[in-house]
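The values are calculated or read from the model by the stated rules, or taken from the named source; none is laboratory data. Because the structure is predicted, anything quoted here is derived from the model rather than measured. In this analysis, Cβ positions are derived from the backbone assuming ideal geometry, glycine residues included, and neighbour counts consider all displayed protein chains.
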Amino acid sequence: MKAEQQQLTGTLPPAPGPALDPYLDAAARCFTRFGVGRTSVQDIARELGVNRTTVYRQVGNVRSAALLLVSREIDRILAVLPGRIAGLTGPEAVVELLATVIEDSLAHPVLHKMLTDERDMVGALLAGEIPRLFTEITDRMAPLVGLLVGRGAIADRDPVVVAEWLTRIAVTVVVAEPRGPLRRFLAELLVPALRPA
């Protein structure tokens, strides 16, 4: 199975096509209802009204379905970012970019379920999966950062390094939200470091 092969290579699968949306939507509903750790392929099949062999054929096991869902959701979140920062200039564009990623992530029902009811899963994710997720998210964010650097909107820095830094900040804030308003927190941290010379 393609998804399971991706899992073995240690990379997040590419964003799946729309043909898998019904399977991933069903998986997301199950993950939200039962938790990722308590969902079975049979649960996903029942939610979708198909047999479990069909689910295995289309998305693989529960872990593969979860990775495909993560890939799809990352793609969806990142797809709206260029429009969100189009009219903004300076480091404030990065503040808006990161705030959007964080807010959209926190609003996702599966992540919300994990952060409230499955903290042990979050710990396991941070211990095992997060290095490759950092790499994947960084690789997907670097072109946006590169556009900002190229426009002179932010300091002339390596877009990959800045994207990785932003990814690490975003994950930290998602896991443990700041005490004050999000945008103020991000502005205090990012604007001085990214202001063009």
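For this structure, a couple of remarks:
- Selection within region 105-125 - free of Cβ contacts under 8 Å to residues at least 24 places away in the same chain and buried (at least 16 other Cβ atoms within 10 Å of the Cβ): Leu125
- Some residue of region 179-196 being charged (D, E, K, R), assigned by TED's automatic domain parsing to the domain that holds Glu96, under 17 Å from Leu78 (Cα atoms) and surrounded by 15 or more Cβ atoms within 10 Å (Cβ to Cβ): no
- When Ala26 is tested against the conditions (1) in contact with a Leu (Cβ under 7 Å, 6 or more places away or on another chain); (2) modelled with pLDDT under 80; (3) assigned to a helix (DSSP H, G or I), the lone failure is (2).
- Failed condition for Arg72, given (1) over 12 Å from the mean Cα position of the chain (by Cα); (2) assigned to a helix (DSSP H, G or I): (1)
- One residue alone among Gly123, Gly83 is farther than 25 Å from Ala28 by Cα and either among the polar types (S, T, N, Q) or at pLDDT below 90 (or both), and that residue is Gly83.
- Residues of region 29-69 satisfying the condition of being crowded, with 20+ Cβ neighbours inside 10 Å, in a helix (DSSP H, G or I) and touching an Asp or Glu at 6+ places or on another chain (Cβ under 8 Å): Cys30, Val36, Ser64
- Condition check for Gly10: loosely packed, with under 13 Cβ neighbours inside 10 Å, at pLDDT below 95 and not assigned by TED's automatic domain parsing to the domain that holds Arg157: yes
- Output for region 170-197, where each listed residue is under 17 Å from Val122 (Cβ atoms) and either over 22 Å from the mean Cα position of the chain (by Cα) or in contact (Cβ under 8 Å) with a residue 24 or more places away in the chain (or both): Ala170, Val171, Val173, Val174, Val175, Glu177
- Matching option when the condition is outside the structural domain of Trp165 (by TED's automatic domain parsing) and either touching a residue at least 60 places away in the same chain (Cβ under 8 Å) or surrounded by 18 or more Cβ atoms within 10 Å (Cβ to Cβ) (or both), among Ile74, Ile85, Ile102: Ile74
- Among the residues of region 159-174, not a single one is out of contact with any helix residue (DSSP H, G or I) (no Cβ under 6 Å at 6 or more places or on another chain), outside any helix (DSSP H, G or I) and either under 30 Å from Ala65 (Cβ atoms) or modelled with pLDDT of 90 or more (or both).
- Test for Ala142: is it at pLDDT 90 or above and hydrophobic (A, V, I, L, M, F, W, C): yes
- Taken together, the residues in region 126-158 that are of a type in the set (Asp, Glu) and in a helix (DSSP H, G or I) amount to 3.
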